[in-house]
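Each value in this text was obtained by applying a stated rule to the coordinates, not by laboratory testing. Given the structure is predicted, the values throughout are model-derived calculations rather than measurements. Note that each Cβ is placed from the backbone with ideal geometry, even for glycine, and that neighbours are counted across all protein chains shown.
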Amino acid sequence: MKSKIRILIAKPGLDGHDRGAKYIARALRDAGYEIIYTGIRQSPEAIAKAAIQEDVDFVGLSLLSGAHNELFPEIVRLLREGGGADIIVFGGGVIPENDIPGLKEKGVEAVFTPGAPIQDVIDFIEANRTRMEGKS
Amino acid sequence: MEHSKIPLKFKEWENTTLKRVLDKSAERKAQFTTGSWQAVPRVALPIPLTDDDYLEKLGFPGEFPYTRGVQPTMYRGRFWTMRQYAGFGTAEESNRRYKYLLKQGQTGLSVAFDLPTQIGYDSDDSHSIGEVGKVGVAIDTLKDMEILFDGIPLDKVSTSMTINAPAAILLAFYIAVAEKQGVSKRQLRGTIQNDILKEYIARGTYIFPPKASLRLITNIFEYCANEVPNWNTISISGYHIREAGSTAVQEAAFTLADGIEYVKAALEAGLDIDRFAGRLSFFFNAHNDLFEEVAKFRAARRIWAKIMRERFNAKYPKSMMLRFHTQTGGSTLTAQQPDNNIVRVTIQTLAAVLGGTQSLHTNSRDEALGLPTEEAVRIALRTQQITAYESGVTNTVDPLGGSYFVETLTDQMEEQIWKYLDKIEELGGMVEAIRKGYVQKEIQDAAFKYQREIEDKERIVVGVNQFTIDEEGPKDILKVNPALREIQSKKIAQVKQERNNREVEKVLQALKEAAQDPEQNLMPLIVEAAKTYASLGEITNVLREVFGEYQETVIL
């Protein structure tokens, strides 16, 4: 069993709005998780590769430019293809409510929109950690 | 000056009148602060000012140190420029939105480009997947720019373009469109943002490393001083620093420090201070804490004037004036109960106007959800018009000047801004401070503290952590056509077929050679390249080859 949950916080696409991503990264680190943060402007390939190499349990994606419908599912696909099918993907940012069902269908398990408290994210991770612990 | 009786009388008041009330009921909080933690006194007292003090610190509007405003008549002369930042999808769609805004009484254009354009990628580049036309209009070649300004006379409007790393290229496109309209570049009025340092700090659309970027910026200063004399060559921006979570003091301090760095670079390149300084402009945020914002604008004006006169020996008054655009605070908008945002924007508008802004963008109520609808944009513009025509705050210059509280806050913030400026000098200037991650860390710490306060309900955001309701998500969010990348890619292919490719190659080769020689000004060649319909991506790639690309200092 793993001692500490590892989470990759990543910024796909071209937008530089990293305030939310950095807040989540820092707040989750304070909550006791091991956090890796990619920095901005990462390609889906780079994010999937980092997640698999770093053997993370979760990938949190942050995007505010509106490219989520293209980029989030692509990262899920690359993870599955590259041997990271058990990594749980969640996302956040300026994401219209109408887009959320489509993203969930494509494997993004939770989407946190503006104003969501950090506790919601922690609750989501905790609810899913047993799944991760079961795997190894 | 006669010894003031006020402090003694005030102590007396505290011990009697005040004490009787406090003994019965405490105040709401143990300590009161502004939105970004400036100490706020219970009651501000008059600041003892001799006549000389007044003349030195405040003076008269239109005169050094410009604390009370850069023009003698301010809005009694004319209102600020009402300038809504807009652009999305294709050049055709954005052109329609601009015409709509002009018809609604807007007085200047402000172009939003999509992220690929801002980072120098053509729409058909793989980096552009998912991003084409999303946060602004997609511009790949001069062709798109011609469509964007179709039917808009460039000698009549002033245009602001939010473009940084490839600012030289978009300015070149603009000049080329103007010439096609028969308008000389000497007549053009407008602004390019062209502020790379805050891209490294907060906004993220950098391409080249600092040295090459600063060269491009000084090339533009020099070229415009000779060829496009009415163009604001840079808009030194605190807006995005604030959006990233900085305090009001940090916003002003880091922006002024960026300004210092640009002036230093231009002087090192041999430019004369008074030939370019008058075309430097600034861009600030306006958040909800009304008095703090007003004090910020006033303090920033006073400090810049001193820096320009005392440190850089500027002689022309225009070189010392801090002229600025304001945008209301995007990060203050809530996705919850979005109509409440109209009220927030109204307060922020008032802050900008009482602070003496030269132009203003008001955010639309639905911007926490997506791109604004036409109706939302109209309300935002009406907010400015109501403030201008109905509120009466425009009828006197610097209405808050002399307010005990605002003057106290102005002095207090000025002192703290100077401290940051000294610290950045100590670190070796802004480029070094950014490379070390100092600036980013300062902002992040403030952003983290702010968000924590919201989580802990020490800071109330109406509709978010208090006064919440169950509500359905909005339905009418503006959607950008997902097939845009294909549409733009086809347009590029067509342009490449129709243009003279040998000519394009020749000018790009010349540009490459010029880029390798640090003494050469690249602007004339970029303008030439634009006219051959070389694409944004092609021009940028030539420069990428020579200059390399910037790597972010990741700070957490």
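According to the square roots a ≥ b ≥ c of the eigenvalues of the Cα gyration tensor, what is the shape class of segment B:306-377, taking rounded for a/c under 1.5, prolate for a/b larger than b/c otherwise, and oblate for the remainder?
Verdict is prolate for segment B:306-377.
Cross-link partners among lysines for B:LYS11, C-alpha distance below 16 Å, same-chain residues fewer than 8 apart left out?
B:LYS19
Can you give the mean number of other chain Cβ atoms that lie within 10 Å of the Cβ atoms in peptide B:127-138?
On the way: counts 4, 3, 8, 14, 9, 2, 1, 8, 8, 1, 0, 0.
Average per residue, whole number: 5.
For B:LYS475 and B:LYS180 in one chain, what is 0.36 nm times their gap in residues minus the Cα-Cα distance, to one decimal in nm? Walk me through the intermediate numbers first.
Values: separation 295, 0.36 × 295 = 106.20 nm, distance 4.19 nm.
Extending this stretch completely gives an extra 102.0 nm.
If each residue's Cβ is checked for other Cβ atoms within 10 Å, how do B:GLU56, B:GLU222 rank with the fewest at the top? Before the final figure, lay out the partial values.
Working: B:GLU56 14, B:GLU222 19.
The most exposed by this proxy come first: B:GLU56, B:GLU222.
Taking the alpha-carbon centroid of each part, what is the distance from segment B:143-205 to segment A:1-52 in angstrom?
36
Please report B:ASP124, B:ASP366, B:ASP517 as a ranked list, fewest other C-beta atoms within 10 angstrom at the top and most at the bottom.
Details: B:ASP124 19, B:ASP366 24, B:ASP517 9.
Lowest count first: B:ASP517, B:ASP124, B:ASP366.
Nothing charged except the Cβ atoms of Lys and Arg (+1) and of Asp and Glu (-1): what's the magnitude of the dipole of the protein assembly as shown about its Cα centre? Round to the nearest 20 debye. Let's see the in-between values first.
Values: 85 positive and 95 negative charges, 222 e Å.
The calculation lands at about 1060 debye.
Could you work out the mean count of beta carbons from other protein chains within 10 Å of each residue's beta carbon in A:111-118?
Details: counts 0, 0, 5, 8, 10, 2, 5, 4.
Mean shielding count: 4.
Indicate the gyration tensor shape class of segment A:6-135 (rounded, prolate or oblate), computed on the Cα atoms with a ≥ b ≥ c the square roots of the eigenvalues: a/c under 1.5 is rounded; otherwise a/b larger than b/c is prolate and the rest oblate. Mind showing how you got there, number by number?
Values: a/c = 1.24, a/b = 1.08, b/c = 1.15.
Rounded, because the longest to shortest axis ratio a/c is under 1.5.
Taking every residue in A:17-27, how many Cβ atoms of other protein chains lie within 10 Å of its Cβ, on average?
Details: counts 9, 12, 11, 4, 1, 11, 8, 1, 1, 7, 4.
Mean shielding count: 6.
What's the FRET efficiency of B:ARG452 with B:TYR316 using the Cβ-Cβ distance as r and R₀ = 60 Å, to the nearest 0.05?
Details: r = 46 Å, r/R0 = 0.77.
Here the calculated transfer efficiency is 0.85.
With each run of n ≥ 4 DSSP H residues scored as -39500 (n - 2.57), what mean residue ellipticity at 222 nm is computed for the protein assembly as shown after dividing by its residue count and rounding to the nearest 500 deg cm²/dmol? Walk me through the numbers before you get to the answer.
Numbers: 27 runs with 318 residues, N = 692.
So the helix-based figure for the protein assembly as shown works out to -14000 deg cm²/dmol.
Which of A:LEU61, B:LEU427 has the fewest other C-beta atoms within 10 Å, and how do the rest follow up to the most?
Numbers: A:LEU61 28, B:LEU427 17.
Final ranking by Cβ density, sparse to dense: B:LEU427, A:LEU61.
Of the options B:GLY59, B:GLN509, B:PHE547, report the single residue whose Cα projects farthest towards the positive end of the charge dipole of chain B (beta-carbon charges: Lys, Arg +1; Asp, Glu -1).
Result: B:GLY59.
Size of the dipole of segment A:6-135 about the Cα centre, Lys and Arg at +1 and Asp and Glu at -1 on the beta carbon, nothing else charged, in debye to 20? Mind dumping the intermediate values first?
Values: 15 positive and 20 negative charges, 47 e Å.
Here segment A:6-135 has a charge dipole of around 220 debye.
Would you work out which of B:ILE163, B:ALA225, B:ASN363 lies farthest towards the positive end of the dipole of segment B:76-455, given +1 charges on the beta-carbon of Lys and Arg and -1 on that of Asp and Glu, about the Cα centre?
B:ALA225
Kindly identify segment B:76-455 as rounded, prolate or oblate by the Cα gyration tensor criterion: order the square roots of the eigenvalues as a ≥ b ≥ c, call it rounded if a/c is under 1.5, otherwise compare a/b with b/c, prolate if a/b is larger, else oblate. Don't skip to the end; give the middle numbers.
Working: a/c = 1.30, a/b = 1.10, b/c = 1.19.
In terms of gyration-tensor shape, rounded.
Got a sec? Charge dipole of the protein assembly as shown, +1 on Cβ for Lys and Arg, -1 for Asp and Glu; which of B:TRP418, B:PHE282, B:VAL353 is way out at the positive end?
Ranked along the dipole, the leading option is B:VAL353.
Pairs to check: B:LYS134/B:LYS457; B:LYS423/B:LYS449; A:LYS104/B:LYS475. Give those whose C-alpha atoms are more than 24 Å from each other in this structure.
Checking Cα-Cα distances, B:LYS134/B:LYS457 exceed 24 Å.
About the Cα centre, and with charges only on the beta carbon of Lys, Arg (+1) and Asp, Glu (-1), how big is the dipole of segment B:2-74? Nearest 20 debye, please.
Working: 11 positive and 10 negative charges, 133 e Å.
The calculation lands at about 640 debye.
Could you compute the FRET efficiency for B:LYS5 and B:ILE347, with r as their C-beta to C-beta distance and R0 at 41 Å, rounded to 0.05?
Working: r = 36 Å, r/R0 = 0.89.
With R0 = 41 Å, the Cβ-Cβ based efficiency is 0.65.
If you find the alpha carbon centre of segment B:245-324 and of segment B:431-461, how far apart are they in angstrom?
So the two Cα centres are separated by 23 Å.
Go through A:LYS22/B:LYS419; B:LYS264/B:LYS512; B:LYS479/B:LYS506; B:LYS99/B:LYS479; B:LYS29/B:LYS436; A:LYS11/B:LYS198 and tell me which ones have a Cα-Cα distance over 29 Å in this structure.
On the way: A:LYS22/B:LYS419 26 Å; B:LYS264/B:LYS512 26 Å; B:LYS479/B:LYS506 41 Å; B:LYS99/B:LYS479 20 Å; B:LYS29/B:LYS436 38 Å; A:LYS11/B:LYS198 19 Å.
Too far apart for the 29 Å limit: B:LYS479/B:LYS506; B:LYS29/B:LYS436.
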